[in-house]
Each structure stands twice: as structure tokens, then as C-alpha cells.
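What follows is a set of notes on a single structure, which appears directly below.
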Amino acid sequence: MSELLLRYSHNIVEHLGLKLYQNKPTRVIAELVSNSWDADATAVAVNMSMEDDDRWVSVSDNGHGMTRNELAHNYLIIGLGRRANATDASRDGRPLMGRKGIGKLAPFGIAQTVDVVTSAIADGVPVAHWLRFDLKALLAQGDGEVSYHPTVLFDGGPLESIPAANDSTGQVEVWRQRIQSEGTGTLVLMTDLSLGRAISESQLIDSLGTRFTVTLRGGFAVTVNDVVASTGNALPEFEFRIPETGHSVEMVDEREVKFWVGFVKNASWPQDQAGVGVYSHGKIAQDRPFTFGVKGKEIFSRYMFGVVEADWLDEFGADLISTDRTSVNWDAPETENLHEWGQAKVRSWIGKFELWRQGQEAAENRRLVKRAVQSGSAAGVTEPEEEEIVRLVSLITPSFGKDGQAKEDLINAVSDAWVQRPMRQLVSDLWDSVARDGGMPPEAFTKVIERLSSHSVPEALNLAVIFAQRAFALSRLFDYVHHGSEVNLQRLIERFPWIIEPDLAVLTANQALKTAVLKAEGLGQIPTGNRIDAAGVPDTNRPDFVFLSSPEDRQIVVVELKNPQVDLTIANRRQLEDYLTWFETHYPDADRRGVLVGRKPVGMSTPYNNMTIIPWTEVLGKSRARNLELLAAMLLRTGSGAVGDARIVDALQLGGPEAKALLERLAREHSELSDLMASFHEVPSSSPSPTK
């Protein structure tokens, strides 16, 4: 007869039982549930009592159970792999969750005493065994390879003969009655708990819903104190789901990936429960929070609960999943394409949710706007203006969640700003700051703009503020082109990309891309030999690049800026080519373009369709022309265009003397603006000018 002896190496229990699972009851129970799955159980019962004087947890199933031989040669050998091959299945053909053979140590993370009671078919009849393990005795075995004799409470016999009286919790008898008809199964009973806090039933059900996918399918039922863990109580309530029901299937590296994603109505859960969980064989492999590296969309990913099932992750010869099932080795070549696929999916999911949320917000905001106008709390506007206000506030209100009062406050402020009601002193404060700071950099000016936001007046909706920003940018551009350096121009373009081309207004400076490029240069992945013209030039005046991108890096524009006083060279163009080649390799799906800006020699051109060479004089001229047209359109659309429209007058006058002087100088070459300036002189303002 095989001896019932536990064999293990020094500290193995402490490191793989205590430290890996210490005070993590949901992970401990998850390990036991996965063992039940591997034993082909169809029902798993998690019972627990959190009474202060007698706390215990039990996990029982109706699986195949273990014979005495299986206990001795499989269960009692720590670290014995569950599979001979990575793709091995259970006796009934289930894909195995277990792999490393250490899950049996998990109970010691929360309990001092662990009882294992099991019944399996031997010689055609059920035969039961009961072993008891004491953690203190296990840890007292000394150094080196040691062994431990568990206490044998029942060494083989009929199920009905188990001495259930030796269990003060009553769970042995409950389990025996539950499996009486099948005659097989296993019970793991944890007592003398070392938990820091009691386990919540709802928390445990939530955890089972997030750590498994099989627990919510047919053929494998899990209960917690007799409450079934189902999609209704184990998963959050979603207001938007992709697909609406079930899951989608795609192929990655010719391997099947199943997935679905839901967005909750409110993000009341802890942040570490949001994101995507990656599962293999029905069990978590990459735990949340996880977004495949997608950053900058936290306002929406905070509401996301995604499920990606890739069973093949656990079927490679190399083990790519961490021991505690919290992370996948995404640096391995086997997972590289799945990670890229996941990034694209997360961006797509968030984009679809954002559009859907805006639609939902628009309907609600339309109702709020109409109510505010009818009640008089918001300024009256025309119907087209009302729709524009709804569109604009709907871009902002998704971040307000369910705060109805905050939405109403924003709508009132936007409506007031739309008809130019903001306090004149607030605008005077803006221009006083500009005058006082003199040639302030864009960052300082932006801080002044943000002061308007703190007064609930979004600067993007105040015509005077929009013009102030554009006038400031063009004034700085004129100064830098004639007297500045690349560093000045670089900061200006990063802040105001529309200066180069109007289409770039939707892009933003991407410092992460810049960091990646500089790292690639340091590693020699991007040649730097074409920078020979920078030799001897101080660092502050050396050429630099602005990397602009869309939120999802679908569009990338590399802008190389050269000193307006120095002719461009072929080397400059080659340097830009090197950058575009690097982006082609690392961002193959993006729309990539390059723009070289400097003093362009006669005859210099580019043979590439995705590269443009522009002289600074052209940038300055076109920016002025484009933004004068924009200004005229902005002013005209505020009203009927009649000379007596007070809002046109206010929008012009609010800018103060500096804006007026700039307008008058530029109006000499722009007939439409000239007409507007003439009307400005003809009609008195409806409010006093900002004081200096």
C-alpha cells in the first residue's frame, strides 16, 4: 500500500502558499474552483462562515475525486505538473486549467488547518479518504528536502462511514449528503483562518465572475452559500455591449480568439476591476486593470469590462502565464501579435462607446437645454444655435457621469458664453496678464486661458477668447520667424499645430512618440548622420521635431523645424526620411506624413508623396489668411450679420486695444475684415472696453 507522505523542498510552502496567496481569499478559492473544473465536476459549492469565533471556508464538488494511489503519487507531490503535454485534457475532455501542481498550497494562504476529504471509484465502488494538514507542522520541518505525514482521519472506506463528527463545521456531512447519489467528489475545508478581514459573499461572487468564464456557462454551476453565481449577480450591469449578446470570434496568428466587452452605467467599482481580462482555458491569465498598453482614454476605459479568451496561451511548451495568474508574458514572440490585436481592439471599443455615449448625452442635453431656456436660467438662442450648444456640451458631459446639476451648470454657462454674457472684467483680466507678461511663452498664455475655465466659461465657446488665442499665436509666429529659433517655433507648433496646416488642428503633440524616437536613435535604429549641419550649433538652437498624432495614433505627422535664417539642405530632408521609415516599421497601419519647414532654396523639392517642404514665409502668410477668414466667419455667425448686432461689436471690442490694432493692420489686405472693422467704428459698444 502506498504511503501517504507529503514531499516538498525547504520553504516551498511558505513561498508558494503563504506569500503567493496570503490574505487573498478570492484567489485561494479560485484555485480550488479550477481544481474542481479539472476533476470534471458539474457543481461546486463554496460555503463559509465569518463568525468572529469560528470562521471557516469550504469548497466542495462532485468531480471524480481521488483514489489513495492518486493522493499518494499526484496530490501529495508538490510541483508535479498536471499535464504531460501542454494540450492535455481532463478525463472527460475538458481543457485543463491547472499546470504547475502548486494550487494545492493555496489554502495555506488563508488557513492554518486544511482538511481534504475525497471519494473516488476504486474497484467499481466509491472509496473515501480524509487527510488533515497543519501549517505550523509543515513549516517546522527544517531545511533541505523534507517530508510531512498529514493526519489521516479516514483511510479508505464507504462514503457513509466517514467520521463526520470530527468536523465541527458540519461541512463534511453536508458534502457527503450532496454527493451521495454519484458517490464521488472532493471537499477542501479551511479552518483556523488567518484572514485580516471577513470575506463578503457578494465580493466573492463578483470575483468568480471576473476570474473565470466557465463558471457562468452551462454544465458547471458554482454557488456561494447556496446563491448561484450567474451573469446577473457575478457581472456588472452594462449600458453598452459589443456585441449586444454572446461573443465575437477572430483569428490571431491563425488561432481563435473569442471576445466581448461591456461598459457599465457608472464606474462605482474599484479602478483595478476595470479594463480587459485575458483568459485561457476559462481561467484568468492576465488580470485587470489591463488595456493592452492603451493610454490616454482612462475617462472611458474606467467604465470598460472586457473579456478576451485565447485558450492557446496555455498550450505552448513554454509557460507564458505567471504563477499567480495575474499577467501574461507579453514580451514573448508567441504573444506579440495578440498584444497588437488587443491594442487595436481596445481603441476601437472605446471609440464606439465614446460615439454612443455622445449620442446618449446629446438627447439628454437637448432636453436640459430646452428646459433651461424655457425657465430663463439660460440665455435664449436661435434653434440652430441651440443645436450647436447641445453638440458642444455633449463632448464634455460624458465625464460628468450622473451629476445632473453639473450638466445644468455647464449648459447655463455655455449658453451665456454663446451670446457673449461673460463678465467683461474676466476678459480684461486675460489681456492684462498678456500685457504684463510681455512675450510670454505659449504655456504661460494657456494658463491664463485656463483661468476662464475655472469660472465655468469654456474658452472654446467664447469668441473673444478664441480670437485672443489665435491672435497671440500669429503674433508670436511673426516674431519667431523674423527673430526666433527652432526651439521657440517648436513649442509654438506643439501648442498650435493649425499654424502649419488647418487639418493639423485635430492632432496633438505626442511626447510618448518623441520619447520612443529618441530611444530608437540611442539604440542606433534611426541614423543620426544627417545631422552634421548641426555641428557647433548650441543645443538651444539645434533643429528639432514635433511629433503630432491623433488620439489612437491612426494619423502621425512628423514636423521638422529649421531655423528661418538658414537654408534647408538635402541632409535635412534625409533626416526626415529616416524618421518616416522608422514610423513605417513600427506603425504600419497609421497614416504617416512628414513636413519640413525652413528657408527653402530655389529648386529644392521632394520625390515623396507623403512629404511636404514649406518655407516659413508661406506658413506665416497662409496662417494669417486662413485665420482671418475664420475670424470673419466666427463674427458673422454670431448673429444676422447686421451692422447693429451688438454681439459682433462686443466680440471685437472685448479683445482690447491690442486685438483692435492687430485687426486694423491685417484688415488692409482683407476686404471682408475691413468691412467688419468699419462697422465696428460705426456702432457704439453695448459694454465698456476692457480697462488697462
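The values are calculated or read from the model by the stated rules, or taken from the named source; none is laboratory data. Worth saying up front: this structure is predicted, and the values here are computed from it rather than measured. Cβ sites come from the backbone with ideal geometry, for glycine too, and all protein chains shown count toward neighbours. With ligands, DNA and RNA removed, areas are computed over all heavy atoms of the protein, side chains included. Shrake-Rupley method; radii C 1.70, N 1.55, O 1.52, S 1.80 Å.
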- Query: What pairs in Lys258/Lys352; Lys24/Lys514; Lys136/Lys283; Lys265/Lys370; Lys407/Lys514; Lys295/Lys519 have C-alpha atoms more than 29 Å from each other?
  - Reply: Lys24/Lys514; Lys136/Lys283; Lys407/Lys514
- Item | For Thr515, net neighbour charge (Lys/Arg +1, Asp/Glu -1) across residues whose Cβ lies under 15 Å away | -1
- Item | Förster radius 56 Å - calculated FRET efficiency between Arg367 and Ser161, Cβ distance, rounded to 0.05 | 0.20
- Note on the structure: At q = 0.13, 0.15, 0.16 Å⁻¹, the log10 of I(q)/I(0) for segment 111-252 from a Debye sum over equal Cα scatterers comes to -0.81, -0.96, -1.03
- Hydrodynamic radius (Kirkwood) for segment 230-299, which is based on Cα pairs only, to one decimal in Å: 13.7
- Task: Roll a 1.4 Å probe over the protein chains and send me the accessible area per residue for segment 110-265 in Å².
- Result: 46
- Task: Express in Å², to the nearest 10, the accessible area of Lys519 obtained by rolling a 1.4 Å probe over the protein heavy atoms while all chains stay in place.
- Result: 140
- Query: Tell me, how many Å apart are the Cα centres for segment 167-188 and for segment 292-332?
  - Reply: 37
- Message: Along its three principal axes, how long is segment 546-612 when you only count alpha carbons? Whole Å, largest extent first please.
- Response: 36, 21, 15
- Task: Return the distance in nm (one decimal) between the two label points of a simple spin-label model at Ser550 and Glu51, each offset 7 Å from Cα along Cα→Cβ.
- Result: 6.3
- Could you order Ile284, Ile78 so the one with the most accessible surface comes first? Probe is 1.4 Å. Ile78, Ile284
- Message: Under 25 °C and 0.890 mPa s, how fast does segment 335-386 diffuse according to Stokes-Einstein, given a Kirkwood radius computed over C-alpha pairs? Answer in µm²/s, whole number.
- Response: 178
- Item | Cα pair count fraction exceeding 20 Å, expressed as % - segment 243-375 | 50
- Message: Given points 7 Å out from each Cα along the Cα-Cβ axis, report the Ser248 to Asn85 separation in nanometres with one decimal.
- Response: 3.4
- Accessible surface, 1.4 Å probe, highest first, among residues Trp341, Trp130: Trp341, Trp130
- Going out from 0 in 5 Å bins, what whole percent of all Cα-Cα distances in segment 271-330 drops into each bin? 4, 19, 29, 22, 13, 8, 3, 1
